[in-house]
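To start, the structure itself, in structure tokens.
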Amino acid sequence: MLFETQDEAEWRAHLRDLRAGEERVDWARTRIDTLCGRLMQPTTYRLSLFVPDPARDPHRDHPDH
């Protein structure tokens, strides 16, 4: 997980800063979740990064690559 908040304004500001920043984000490797709490809990906004599965690493069986 890269970022999590229950404040929608903070969430939008964080995404805006990421898009405007000099550091490039690989959006194809990100996951954006909005966890709806309904009446029981507040809504949570989460930005995560997919991590490759080491079991599926094509170089794992061939260390000379």
Got a number for residues in segment 8-65 being part of a helix (DSSP H, G or I) and either at pLDDT 80 or above or open to solvent by 80 Å² or more (accessible area, probe 1.4 Å) (or both)?
-> 18
Subset of segment 6-55 [touching a Ser or Thr at 6+ places or on another chain (Cβ under 8 Å) and among the aromatic types (Phe, Trp, Tyr)] = Trp11, Tyr45, Phe50
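The values are calculated or read from the model by the stated rules, or taken from the named source; none is laboratory data. Nothing here was measured: the structure is a model prediction, and the numbers come from that model. Note that we place each Cβ from the backbone using ideal geometry, even for glycine, and neighbour counts take in every protein chain shown. Ligands, DNA and RNA are excluded from the accessible area calculation, which covers all protein heavy atoms including side chains. Shrake-Rupley method; radii C 1.70, N 1.55, O 1.52, S 1.80 Å.
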